[in-house]
Each structure stands twice: as structure tokens, then as C-alpha cells.
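Accompanying notes for the structure given below.
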Amino acid sequence: MREKMAIVENVNINPELVKNVDQDLQPTKKRIMGSVSYAASFMGGCVSIGTFSMGAGLIGELTVLQAVIAMTIGCLVIAVALAIIGECGHTYGIPFTVQLRSSFGFTGVKIPGVLRGLPAIVWFGYQSWVGAGAINSCASILFGFDNLPVVYGLFTLVQVLLAIKGFEGIKWMENISCIFILVILAYMLYVVNTEFSTEIGDVFSGIEGTWGMPFWAATTSFLGIYSTMIINASDYSRNATDDIKPVKAASIYTIAILPVTLFMGLIGLLVTAATGNSDPVVVFSTTMDNTFLTIMTLLFIAFAQVTTNVLNNIVPPAYVLMESFKVKWTYATILVGVLSVVVMPWKLVTAESAAGLNLFTQFYSAFLGPIFAVMAVDFYILRKKKLDLNRMYDKNGPYKGMNWAAVIAIVIGSICSLIIMELSWYVSLIPTGVIYYFLMKKMKSAEGFRVGTIFEDEK
């Protein structure tokens, strides 16, 4: 019997619909990550070289206090957004690519899938090269071994093998690494503040700061670092135990993301203020007459790339490849590793490529807010948080093909983002959500996708 407004909830899938579907794309049957493991996974996954750069970019505009508040606001928005998108995956155990079917269609999922997966592959290659460089420097100091291409190949292979083990491997790695990460970050911040206290004081003494556009742009910058993982939050939440409901999940995200981001952002800010160099690896390796500190810093950088890559840059594109090309998890992760080499990350780290890489980041980020808006409106407003899983796995059902209502909405939302780049993520949300709502209500081609929504019985 149908419920009011024709919305039907069904968690029992017809076995015939999933008999040829890879197990990893089916609703998860085993929830392996409790509160501690889940927090640890995000703590490790948020350690990114990009956070150093974001912190460094605040020099001259904000006071230290304003920078901390901007980082905090960005992190709180991230935590709430992750909880919003992740509730679907947690409730129904489905990954990001399956969640997209109700809003974008079986064919249409390729669009947000590529917009999420391609940047992840590029960053996987880039961060693997950075991590390999750190290991190579460490090996050179300790053993006199210096062969970056070999180290890079082995480093990439290790990460792929960790990812092949799935979330069992991720859980094990992140649980071990999170304590190490926090200790090293705290130590690095202490060293920077003590060694360069005079230089830091001189730089910030003349900065008045502002609560205007630069401040809010800073919140967007820190939000943008993690905006990619927001839209595939279900890939993570589907593995969380049943007790991790939205409010608890948001708390876990905050506890995991906020301290790491603050530590790294502040280190980037203070290091740049003191030395004029925004690369903390270079600063710590060349200005500190301390071999132990140098080695620990290099190991931290390498570890940071692994924890970020496995969670944020391998899992999402692997699911996209599984969805689009019907390959198994093992082959998908291997293919992600191969593609990360194909992007030639050694060229991305050059000064000549920096501007192009930044432009690439700004471009793909403009689409992520609109995708978030479509997913949120579809699940919460149109479907009232109720899904029929048979429809989500029936390729000949109402969600077959492409939902042009979603595609048009994200295109218009992305244009809004590109107009005001400083506030891109925020600016796109309302226009995209409103447009998607009314296109779903009125577009004839969206009729099939109205099944299971508040519009189903409307003529």
C-alpha cells in the first residue's frame, strides 16, 4: 500500500536485480566502523598539503584570530554537509554512485561521477609524487639512496594495495596513523611558534584584518578543500555502525576535521609569515638543524599523503569506474593507480604548472556545490528520506537514462558559482536547489524520476 504522496520505502531488494551487480555496489551488509574508527578515518583523510597552502594564502589579509575563526566556520559547514549527504548512505547502505541514480539517472550518474572522480585521480597522482619525494629525501639522508621514480612507483603500489583491502584496510591504517598525525602536527606547530616567534610577531603586528569578503572567502577556501568528499559522503557513512546517526555523525566529523585543519592551516600561515616560503617541507628540511625533526617531518608528509589518498582519492573514482564500466573493486583500484601515473604528476609540481592546477581546482569546485544541492533536495524534500531500493537497482525502471532536470540545474548553479568564485559553494546552493525542484515538477522528461517523490501523483 502506498503512503501519502506516493512515497514508498523499501529496503528489501529483489535478488534478480542485483545478481550481476558487484558486491561493493550493493547495500553494505557489514558495518565495520564504530565512532573511534570513523573519526580516525576522517582525521587521517583530512591531512592534505593543500591545507598548508590555504593557510599560507591568508597572509596579509586576516589576523591569526580571524584565520582561526574562518577555518572553524569552514570546518563546521563541512561537518554539517557531510552529515546531510551521508544520511542516505548510512540509512540504506548504498554508495555515492547508486545514491545518484534517483536524481541523475543510471546514465546521468556519469556526469557527477566524472566531476568527482577526475580531480581525485589527479590529486592521487600529485600527492603520491609529493609523498614519494618525502620518502626519497628521507632515504637519501639515512641510507644515501636517491631514486625518486622507483620510490614513486612503489609508493603508488602500496596505496593501491591498501585500497584493494577496502574499508578493512582503510580502518586499520587510519586507526594507527591518527595518533601519529596529531602528535607530529602539534610538535610542528610548537617548533614554528618557538623558532620563529619574533618574525611571526613582526608580520602580524601590521595586519588589521577584516570581517568582510576576504574573511568569508577564506571560509570558502577551507570548505573547498573538502568539498569533493562531501558529495560522496555515503561511500564512508555506509560503513559506519547503526548508532552513528546524523547528529552524532556531524559531531564526529567536527571532532576529526577541525583540529587537523586548524593545526595544518596555522602551520602554513605561520611558516609563510616567518620565512616567506609556503612549503613547510622545505622550511623544516632546510632551516632546522635537527636531523630527527627533518626525518619525522618527511615521514609525516608521506603518511599524510597515504591517509588522504586512500580515503579521498582512490575510493570515489573506483566506485565511479565500477558503476560506469562494470569492473570489480580490485580492477577499479588498480586502474585508478594507473591513471594517476598517466596524469604525469611530476609535471604538476613545477612552478609553471601551479597556475593551471589552481585553475583546474577552481573549475571543478564550481560544480560540487550544485551537485550537493541537487542530492540534498532530491533526498530530503522530494523523497522525504524514503527510497525504494528496487528502483535504485532496476536499470530498466523509472530512473533509467538521464535526468535532464538535474543536469540543467547543476549547469545553471555552476554558472552562478563561476560568477562569484570567492563564495562559489555557498552562492550555488539556493539557485540550484530551486531550479531542480521546479524542473522536477514541470519538465516532461523528468516524469519517470518523479516516481517515489511528492510529485508522483501530480498530473
With the condition kept exactly as written, say whether any residue in segment 92-112 is touching a Cys at 6+ places or on another chain (Cβ under 7 Å), not acidic (D, E) and not in a loop (DSSP other than H, G, I, E, B). yes
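Yes/no matrix, rows are residues, columns are (1) of a type in the set (A, V, I, L, M); (2) modelled with pLDDT under 85; (3) touching a helix residue (DSSP H, G or I) at 6+ places or on another chain (Cβ under 7 Å); (4) closer than 30 Å to L142 by Cβ:
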residue: A218; (1), (2), (3), (4): yes, yes, yes, no
residue: S234; (1), (2), (3), (4): no, no, yes, no
residue: N239; (1), (2), (3), (4): no, no, yes, no
residue: I257; (1), (2), (3), (4): yes, no, yes, no
residue: V271; (1), (2), (3), (4): yes, yes, yes, yes
Within segment 360-414, track down each residue that is farther than 19 Å from L25 by Cβ and among the polar types (S, T, N, Q). T361, Q362, S365, N403, S414
Checklist (1) modelled with pLDDT of 90 or more; (2) within 20 Å of the chain's Cα centre (by Cα); (3) surrounded by 21 or more Cβ atoms within 10 Å (Cβ to Cβ) applied to I84, failing item: (3)
Find the residue count for segment 25-54, including only residues that are modelled with pLDDT of 85 or more, hydroxyl-bearing (S, T, Y) and not in a helix (DSSP H, G or I). 1
Criterion: surrounded by fewer than 24 Cβ atoms within 10 Å (Cβ to Cβ) and either among the basic types (K, R) or on the phi < 0 side of the Ramachandran plot (or both) - qualifying residue of L100, L65: L65
Any chance you could count how many residues in segment 98-157 are within 30 Å of R391 (Cα to Cα) and among the polar types (S, T, N, Q)? 4
One residue from I59, I111 being surrounded by fewer than 24 Cβ atoms within 10 Å (Cβ to Cβ), closer than 21 Å to K400 by Cα and touching a residue at least 40 places away in the same chain (Cβ under 8 Å): I111
Exactly one condition in (1) modelled with pLDDT of 95 or more; (2) closer than 22 Å to A120 by Cα; (3) in contact with a Leu (Cβ under 7 Å, 6 or more places away or on another chain) is false for V77; which is it? (1)
Go through the residues of segment 303-316 one by one and say whether even a single one is aromatic (F, W, Y), assigned to a helix (DSSP H, G or I), surrounded by fewer than 24 Cβ atoms within 10 Å (Cβ to Cβ) and at pLDDT 80 or above. no
Test for S48: is it farther than 24 Å from F124 by Cα, of a type in the set (G, A, S) and buried (at least 17 other Cβ atoms within 10 Å of the Cβ): no
How many of the residues making up segment 193-248 are among the aliphatic types (A, V, I, L, M) and more than 17 Å from T63 (Cβ to Cβ)? 9
Of the residues in segment 148-174 that are more than 19 Å from the chain's Cα centre (by Cα) and at pLDDT below 65, the one that is nearest to T28 (Cα to Cα) is E168
Given the conditions (1) closer than 30 Å to V192 by Cα; (2) over 18 Å from the mean Cα position of the chain (by Cα), every one holds for I78 apart from (2)
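The values are calculated or read from the model by the stated rules, or taken from the named source; none is laboratory data. From a predicted model like this one, the values you see are computed outputs, not experimental measurements. So basically every Cβ, Gly included, is an ideal-geometry build from the backbone, and we count neighbours across all protein chains shown.
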